[in-house]
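**Student:** This is the structure, below, for whatever I ask next.
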Amino acid sequence: MWSPEKNKLTGEPLNIPQLPNCVLFVSDVHLGGFDSDTNAALERDFIALMKWCQQNQTQVILLGDVFDYYMQYGKYTPEVSHTILHWFKHYHQSGNPSTLYITGNHDNWDFGALDEAGFDTEHEYRLFRTENECILMLMHGDGLYEPKFGFPRPLFHRFLRNPYFVKMFKALTTGKAGNSIMRRFSAWSRKNDRADKSDKVHLDSNVVRMLHEFELDVIICGHHHEVRDITAGQKRYMNTGAFYIDRSACLYTKGLFHLVKWDGLNHILHKPN
């Protein structure tokens, strides 16, 4: 059995970093995926929440699909990302810690722009150790590359990440056209998202399995747009849901995890009773 505690080749303990004392996990913002008024409100709420985190000394970890759709072509980045990347670049240059950005299936075509904005960019998963010695895995939720996890990405997602496809698609389209094509596809898939329960069952069942099989204590992800808080014995699976739908997120503070919602009108986070 693979254990996050030890190197699978040498058997020596891994140096798993400590999770900061206060962290907000956000996923599936899908900025740019809607009409202009909806996009403006979504961007306004997201930035307001980021400012709240800065003011309240809460670190942010992004769990993917912040943009809808994000494809970088050389130095070209989609217009929808400019305000957010500019805000985070200034945030990071002001002495704040680098923000971990785990890319999702809508924003993995990054070729350096996220790093240039000061993000700590990750395309698979990260492990952390909490203050009470729990092992936490963070991922987007559409699957993982390493076969040992038994959680492969759907064939179409693997196709979109294939470097040969990426090279061909970029050769045949401009940055603006390529992003427009994928936004239309994204809108179609999102329209059918609520009716497709198989993807949700697939993610939920694999996370619960991985918790037990790989000696993990907590897994937090997003991807399927529905909030989850499932306890299995001493283990816990939390899904942040979709920020664009419910303004939902997950907050870690004082050694505890809470599902929360952002109240954009009053600029506060609501915790469960």
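Quick note: the coordinates plus some simple rules give every number you see, no bench work behind them. Note that the structure is predicted; figures quoted are calculated from it, not measured. For neighbour counting, all protein chains shown are included, and Cβ atoms are generated from backbone atoms with ideal geometry for every residue, glycine included.
**Student:** Please find, in a Gaussian network model of the chain (springs between Cα atoms separated by less than 10 Å), the residue of MET238, MET168, MET50 whose mean-square fluctuation is greatest.
**Tutor:** It is MET168.
**Student:** Explain nothing, just the number: dipole magnitude of the chain about its Cα centre with +1 on each Lys and Arg Cβ and -1 on each Asp and Glu Cβ, in debye rounded to the nearest 20.
**Tutor:** 380 debye
**Student:** Please tell me the relative contact order of the stretch 22-270 in percent, rounded to the nearest whole number, where contacts are Cα pairs under 8 Å and at least six residues apart. All intermediate terms of the calculation are to be shown ahead of the outcome.
**Tutor:** Values: 445 pairs, mean separation 56.3, N = 249.
Relative contact order, the stretch 22-270: 23 percent.
**Student:** Within the stretch 13-127, what percent of beta bridges assigned by DSSP are antiparallel, to the nearest 5?
**Tutor:** Numbers: 1 of 12 bridges.
Just about 10 percent of them are antiparallel.
**Student:** Could you tell me, in Å, what Rg and Dmax come out for the Cα atoms of the stretch 77-154?
**Tutor:** 14.6, 42
**Student:** Consider just the alpha-carbon atoms of the chain and return their Rg together with their Dmax, both in angstrom.
**Tutor:** In Å, with Rg to one decimal and Dmax whole: 18.1, 54.
**Student:** Sticking with this one: Fewest to most neighbouring Cβ within 10 Å: what's the order for SER81, SER27?
**Tutor:** Details: SER81 21, SER27 30.
Going from least to most buried by this count: SER81, SER27.
**Student:** To continue, here is another question. Using +1 at the C-beta of Lys and Arg and -1 at the C-beta of Asp and Glu, which of THR174, LEU216, LEU85 has the Cα lying farthest in the positive direction of the dipole of the stretch 82-218?
**Tutor:** THR174
**Student:** Here's a follow-up. Return the single residue from ILE47, ILE219, ILE181 with maximal mean-square fluctuation; model: Gaussian network over the chain, springs between Cα atoms under 10 Å.
**Tutor:** It is ILE181.
**Student:** Considering the chain as a Gaussian network with a 10 Å cut-off on Cα pairs, which listed residue, HIS224, HIS82, HIS30, attains the greatest mean-square fluctuation?
**Tutor:** HIS82
**Student:** Still on this structure, I have one more. For the chain, what proportion of DSSP beta bridges, expressed in % and rounded to the nearest 5, is antiparallel?
**Tutor:** 60 percent
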